[in-house]
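The values are calculated or read from the model by the stated rules, or taken from the named source; none is laboratory data. Quick caveat: nothing in here was measured; it's all calculated off a predicted structure. Cβ placement follows ideal geometry from the backbone for every residue including glycine, while neighbour counts extend to all protein chains displayed. Accessible surface is based on the protein model in full, side chains and every heavy atom, while ligands, DNA and RNA are left aside. Shrake-Rupley method; radii C 1.70, N 1.55, O 1.52, S 1.80 Å.
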Amino acid sequence: MSDQSTTVTPEHFRYIASHTAPEDDFLRLLKDKAVAAAIPPIWISPEQAGFMQILLKLVRAREVVEVGTLAGYSAIAMARALPAGGRVRTIEIFPKHADFAEEWAARSDVGEKIEVIRGAGQVVLPTFRDNSADAAFLDADKTGYPFYLKECLRIVRSGGLIMADNAFAFGQLLDAKPLDREVPAVRVFNEMMAKEPRLHSIIVPVGDGLWVGVKKS
Ligand code: DHB
Ligand code: MG
């Protein structure tokens, strides 16, 4: 343990999962129905959801921006961490995913806190006002992350959170010959985050690696 870190094994992750509030029946059903509807089966883990909810509560987030709604799992999870009157504005480019997420958000316990906005992040984010959010979660096309980051640094207030999914590039970050074509974009984004002077950030090894950054004053 010379570097003061315990090597985290799959057994540790199972232990973490077994000591985290499990997913509820609603989110389990949402995943089943998304698979049945041929929506890509991509969602954050319950442990990642729990961690993000804790962070949102710590910064007392009311307004959250998400890029990449997909089935709406993370939007619902994040909305559950917000106070009454809170809102997740979640951006989705594919109408089929937006339709599904809108339907399931409306059925959820936090329907009034979720606004699904249709379109590309490149088009929608520039319509959001400066300092109009307490937190952002990037979870869309990885080549778009640099632009989404630039916009979120404008949209999120000082002291707010900027989170970004998939820092470990679908598990292929350190592969010599990664198969996924988005891996280079993740690597470029990781370097950008590491050097970004307006953020105090770190990759948290939850899920596929979660960037957590706090916007400096
Ligand atoms: C995949 C996973 C993600 O979390 C994501 O945002 C995009 C793709 C994947 O496993 O392919
Ligand atoms: Mg992701």
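A few remarks follow.
- Of the residues making up region 33-50, those that are of a type outside the set (A, V, I, L, M), away from ligand 1 (no atom under 14 Å from the Cβ) and either open to solvent by 70 Å² or more (accessible area, probe 1.4 Å) or in contact with a strand residue (DSSP E or B) (Cβ under 7 Å, 6 or more places away or on another chain) (or both) number 1.
- Residues in region 17-56 that are more than 16 Å from ligand 2 (Cβ to nearest atom), free of Cβ contacts under 8 Å to residues at least 40 places away in the same chain, in a helix (DSSP H, G or I) and more than 23 Å from residue 214 (Cβ to Cβ): 17, 18, 25, 28, 29, 32, 35, 36.
- Screening residue 13 against (1) of a type outside the set (A, V, I, L, M); (2) modelled with pLDDT of 95 or more; (3) surrounded by 12 or more Cβ atoms within 10 Å (Cβ to Cβ) leaves a single unmet condition, (2).
- Criterion (open to solvent by 60 Å² or more (accessible area, probe 1.4 Å) and either in contact (Cβ under 8 Å) with a residue 24 or more places away in the chain or closer than 19 Å to residue 122 by Cβ (or both)) met by exactly one of 187, 157: 157
- Condition check for residue 147: in a helix (DSSP H, G or I), within 16 Å of ligand 2 (Cβ to nearest atom), surrounded by fewer than 18 Cβ atoms within 10 Å (Cβ to Cβ) and among the aromatic types (Phe, Trp, Tyr): no
- Selection from region 173-217 of residues that are charged (D, E, K, R) and in contact with a His (Cβ under 9 Å, 6 or more places away or on another chain): 215, 216
- Residue among 124, 88 that alone is in a helix (DSSP H, G or I), open to solvent by less than 20 Å² (accessible area, probe 1.4 Å) and either among the β-branched types (Val, Ile, Thr) or away from ligand 2 (no atom under 16 Å from the Cβ) (or both): 124
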